[in-house]
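A.B. asks: The following block contains the structure, expressed as structure tokens.
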Amino acid sequence: MLLCIAGLHGNEPSGNHALARLLKRCEAGGVTIRGDVVALTGNLAALAARVRFIDEDLNRSWQIDRVLTVLESLREGGDGAPMVGSAELKEQRELIAAIREVIGRARGPVHVLDLHTTSAESAPFTTLGDTLQNRSMARALPIPAVLGLEEQIEGAMLQYFDLLGWAGIGIEAGQHDAATSIDAHADVVWALMEYLELIEHPSTIDVAARRARLISATDGLPEVVDVRYRHPVAPEDEFRMDAGFPNFVFVRKGQRLAEDRNGPIAAPMDGLLFLPLYQEQGDDGFFIVRAVRPMWLSVSRWLRQRGVDRFATWIPGVIRHPERHDAVVLARWATNRSVLGILHLLGFNALHDGDRTVMIRRVESAAEGSPLDLRE
Ligand SMILES: [Zn+2]
């Protein structure tokens, strides 16, 4: 099953337009779908108001405790009783109820596509938690895959699905209101449908032409990049990005990028500038990413398939977590790039827990009957 979820952010209607267009195309004939393709909309109230969110960010609201509370209310209240709380809590409850209903009918493994757009002008790219199955899904698309972004945020929907062992990636198709973003969203959905063998052959859909359009939109960009730096921003900083930086432009160490009330802000390293902030809301000024060499991806796949992560505590400065068997804690002196890099290769994901760095081993498949499961 390909489960597409669009409009978690209400100021990003592109995914909805693309999915509506795609469903219409399927109804027009000439294409037969075998298997399940489902399209859901996230934040209906925010989409109607054309804002990112009403009370709180629906893509930062998937903490385990919160989802368990929603599941509890669905079991008790059926569909009738609305939950008291924010506008987004109501949206989340409806969305989870819809997801439960559709996955109950799924005939194969669930693959999720979460459709987004960016404030800056951008070529399309995917974001993912770095599990092997998410990588396979992202590499099925001829556009850059960004690793490590999800470590910088907390409570994203796909992070919860990762816990369930579902495959899922996010697609950022381009600038919020660009017509090319709708095209890129549609192209990605068709390309994934083909990858998952959901399109019966022959069909009148020219997936090769759609892949070619994605290739030309991302010409010259690396296949996989890794987030190396984040510039955090607080409202009192009066952060202002210098005008005219597109996403993925190369910058040199020392080059001026922005300014705030303390003066100019320069790039701390060479790399590709990523997600420069050109909207009012947001607490990431910009990121710097660098290309990951394909060899490292092969090395990490090899290590993970052989369970080398079990020996993580052999690395100096990496200590067993006192309570969790799937996690390790880093000694303060060990929180440098090389130790983090090795743990990333082994499939661990950083979580900043107070003043200590905890690294959690990602799951590739969830335990049967997990209380986190959304199935009824
Ligand atoms: Zn978004």
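A.B. asks: Looking at (1) within 16 Å of the ligand (Cβ to nearest atom); (2) open to solvent by less than 10 Å² (accessible area, probe 1.4 Å); (3) out of contact with any strand residue (DSSP E or B) (no Cβ under 7 Å at 6 or more places or on another chain), find the lone condition where Ile153 falls short.
C.D. replies: Evaluating Ile153 over (1) within 16 Å of the ligand (Cβ to nearest atom); (2) open to solvent by less than 10 Å² (accessible area, probe 1.4 Å); (3) out of contact with any strand residue (DSSP E or B) (no Cβ under 7 Å at 6 or more places or on another chain) leaves (2) as the failure.
A.B. asks: Another question about this same structure. Can Ala49 be described as of a type outside the set (D, E, K, R), open to solvent by less than 50 Å² (accessible area, probe 1.4 Å) and either within 15 Å of the ligand (Cβ to nearest atom) or farther than 27 Å from Gly347 by Cβ (or both)?
C.D. replies: For Ala49, the condition - of a type outside the set (D, E, K, R), open to solvent by less than 50 Å² (accessible area, probe 1.4 Å) and either within 15 Å of the ligand (Cβ to nearest atom) or farther than 27 Å from Gly347 by Cβ (or both) - is not met.
A.B. asks: One residue is enough: does region 296-316 have a residue meeting the conditions open to solvent by less than 30 Å² (accessible area, probe 1.4 Å) and among the hydroxyl-bearing types (Ser, Thr, Tyr)?
C.D. replies: Within region 296-316, one or more residues are open to solvent by less than 30 Å² (accessible area, probe 1.4 Å) and among the hydroxyl-bearing types (Ser, Thr, Tyr).
A.B. asks: While we're on this one: Tally up the residues in region 148-192 that are within 15 Å of the chain's Cα centre (by Cα) and among the charged types (D, E, K, R), please.
C.D. replies: Selection size over region 148-192: 5.
A.B. asks: Follow-up question, since we're still on this one. Which members of region 10-39 meet the condition of being of a type outside the set (D, E, K, R) and within 16 Å of the ligand (Cβ to nearest atom)? Lay out the reasoning, then the answer.
C.D. replies: In the first step, residues of region 10-39 are kept if they are of a type outside the set (D, E, K, R); the result is 10-11, 13-20, 22-23, 26, 28-33, 35, 37-39.
Answer for region 10-39, where residues must be of a type outside the set (D, E, K, R) and within 16 Å of the ligand (Cβ to nearest atom): Gly10, Asn11, Pro13, Ser14, Gly15, Asn16, His17, Ala18, Leu19.
A.B. asks: Another question about this same structure. Tell me yes or no: at least one residue of region 253-275 is in a loop (DSSP other than H, G, I, E, B), open to solvent by less than 60 Å² (accessible area, probe 1.4 Å) and modelled with pLDDT under 90.
C.D. replies: Of the residues in region 253-275, the ones in a loop (DSSP other than H, G, I, E, B) are 253-255, 261-262, 267-270, 275.
Imposing the further condition that a residue be open to solvent by less than 60 Å² (accessible area, probe 1.4 Å) reduces the set to 254, 267-270, 275.
Next, only the ones that are modelled with pLDDT under 90 stay: none.
Among the residues of region 253-275, not one is in a loop (DSSP other than H, G, I, E, B), open to solvent by less than 60 Å² (accessible area, probe 1.4 Å) and modelled with pLDDT under 90, which makes the answer no.
A.B. asks: Do you know which residues across region 134-172 are at pLDDT 95 or above and farther than 21 Å from Leu297 by Cβ?
C.D. replies: Matches in region 134-172: Met157 only.
A.B. asks: Return the residue satisfying two criteria in turn: it lies in region 101-143 and is surrounded by 23 or more Cβ atoms within 10 Å (Cβ to Cβ) and of a type in the set (Asp, Glu), and of such residues it is farthest from the ligand (Cβ to nearest atom).
C.D. replies: Selected residue: Asp130.
A.B. asks: Restricting the first residue to region 111-130 and requiring it to be within 24 Å of Glu280 (Cα to Cα) and part of a strand (DSSP E or B), which pairs with a second residue that is open to solvent by less than 20 Å² (accessible area, probe 1.4 Å) and acidic (Asp, Glu) meet a Cβ separation below 7 Å and a spacing of at least six or different chains?
C.D. replies: Hits for this filter: His116/Glu12; Thr117/Glu12.
A.B. asks: Just the residues that are among the acidic types (Asp, Glu) and touching an Asp or Glu at 6+ places or on another chain (Cβ under 9 Å), please, taken from region 231-265. It would help to see each step written out before you state the result.
C.D. replies: First pass over region 231-265, keeping only residues among the acidic types (Asp, Glu): 236-238, 242, 259-260.
Correct list: Asp237, Glu238, Asp242, Glu259, Asp260.
The values are calculated or read from the model by the stated rules, or taken from the named source; none is laboratory data. The model shown is predicted, which means the values in this text are computed figures rather than measured ones. Don't worry about glycine lacking a Cβ; one is built from the backbone with ideal geometry, like all the others, and counts go over all protein chains shown. Areas reflect the complete protein model, heavy atoms only, side chains present, ligands, DNA and RNA absent. Shrake-Rupley method; radii C 1.70, N 1.55, O 1.52, S 1.80 Å.
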